[in-house]
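To start, the structure under review is shown below, and the notes come after it.
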Amino acid sequence: MARTLTFEIFRYNPAIPEQKPQMQCFTLAETANMTLFIALNRLREEQDPSLVFDFCCRAGICGSCGMVVNGRPRLACQTKTADLPERIILLPLPVFKLVGDLSVDTGVWFRDMYQKTRSWIHTKKAFDSDQEEERMDNAVAEQIYELERCVECGCCIAACGTARMRDDFLGAASLNRIARFALDPRDERTDQDYFEIIGNDYGIFGCMGLLACEDVCPKHLPLQNQLGFLRRKMGITALKQLFRKSSCAS
């Protein structure tokens, strides 16, 4: 027998200052293979056309439909209602700017992150369109590809205890981005260059190691490995700096 699901959904439009945030209840008959994406679209089409949430690909690729589902950041398109209790509480992702209801603006945060991490290949080589592409070891290429699978959904940031407390913390998505360029043989930056970006409290040393980021990542990126890799790399760089200063002082 099909279940009747109760949805408690956060409702608020920041463009209407006099409106107060509230939770609104909806009920919906569960259907086979229903996802939260399907359920929300049905609620908007059948019950309340003013309900605001984001979606695009419905295949876990665009990262648009991130939201907090019963206390856990998830992608609505990947979350089946069959895996949830009959009472489902939906909230917008924290940390990011609220657009309305379940919709947040992750784009501004990620654009700012790209600038902070200087997220592009740094090389002194002049580009020559007539030359063949630069060769790369296949194992390294696969490692880079693994880290490039991030869909920028913001779930890791929303689940991060440090990011919830500090708006200047770079977060797992940013650190994963740095790890990607640190692996790339085409990028000519040194460990010291990376240290200038993340060797501080709002970078790798601000991470508390709770690893909620990896727990909620819908693409199952190896964030724990990358955070450990960067912490070790930046720790060694810090020690080299300390010894260099000690040698100069003596």
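Could you please find all residues in the range 39-58 being without any contact (Cβ under 8 Å) to a residue 24 or more places away in the chain and under 23 Å from the mean Cα position of the chain (by Cα)? Of everything in the range 39-58, those that are without any contact (Cβ under 8 Å) to a residue 24 or more places away in the chain and under 23 Å from the mean Cα position of the chain (by Cα) turn out to be Phe55, Cys56, Cys57, Arg58. State all residues of the range 126-148 that are under 16 Å from Leu223 (Cα atoms) and at pLDDT below 85; if no residue qualifies, say none. Hits for the range 126-148: nothing passes.
Taking the numbered list (1) farther than 16 Å from Ala163 by Cα; (2) of a type outside the set (Asp, Glu); (3) out of contact with any strand residue (DSSP E or B) (no Cβ under 6 Å at 6 or more places or on another chain) in turn, Arg72 passes all entries but (1). Test Cys213 against the criterion of being closer than 21 Å to Cys65 by Cα and outside any helix (DSSP H, G or I), and give yes or no. No; evaluated as a whole, the condition is false for this residue. Only a single item in (1) of a type in the set (Ser, Thr, Tyr); (2) in contact (Cβ under 8 Å) with a residue 24 or more places away in the chain; (3) in a loop (DSSP other than H, G, I, E, B) is not met by Ser129, and it is number (2). When Phe127 is tested against (1) farther than 19 Å from Ile61 by Cβ; (2) among the hydrophobic types (A, V, I, L, M, F, W, C); (3) in contact with a Gly (Cβ under 7 Å, 6 or more places away or on another chain); (4) not assigned by TED's automatic domain parsing to the domain that holds Ile61, just one condition goes unmet, and that condition is (3). Just to be sure, is Pro21 under 29 Å from the mean Cα position of the chain (by Cα) and over 27 Å from Val151 (Cβ atoms)? It is true that Pro21 is under 29 Å from the mean Cα position of the chain (by Cα) and over 27 Å from Val151 (Cβ atoms).
Rundown of residues vs (1) more than 17 Å from Leu91 (Cα to Cα); (2) surrounded by fewer than 14 Cβ atoms within 10 Å (Cβ to Cβ); (3) in contact with a strand residue (DSSP E or B) (Cβ under 9 Å, 6 or more places away or on another chain), yes/no style:
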{"site": "Phe10", "(1), (2), (3)": "no, no, yes"}
{"site": "Asn13", "(1), (2), (3)": "no, no, yes"}
{"site": "Pro17", "(1), (2), (3)": "yes, yes, no"}
{"site": "Glu30", "(1), (2), (3)": "yes, no, yes"}
{"site": "Arg44", "(1), (2), (3)": "no, no, no"}
{"site": "Phe55", "(1), (2), (3)": "no, no, no"}
{"site": "Ala59", "(1), (2), (3)": "yes, yes, no"}
{"site": "Cys65", "(1), (2), (3)": "no, no, yes"}
{"site": "Val68", "(1), (2), (3)": "no, no, yes"}
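Evaluating Arg118 against the criteria (1) in contact with a Ser or Thr (Cβ under 8 Å, 6 or more places away or on another chain); (2) at positive phi leaves one unmet condition, (1).
How many residues does the range 164-186 contain that are in a loop (DSSP other than H, G, I, E, B) and surrounded by 17 or more Cβ atoms within 10 Å (Cβ to Cβ)? Number of matching residues: 3.
Take Thr190 and decide whether it is over 23 Å from Ala212 (Cα atoms) and out of contact with any helix residue (DSSP H, G or I) (no Cβ under 7 Å at 6 or more places or on another chain). Yes, satisfied.
The values are calculated or read from the model by the stated rules, or taken from the named source; none is laboratory data. Note that the coordinates shown come from a computational prediction; the quantities given were computed from them, not determined experimentally. Quick reminder, even Gly has a Cβ in these numbers, built from the backbone with ideal geometry, and neighbours come from all protein chains shown.
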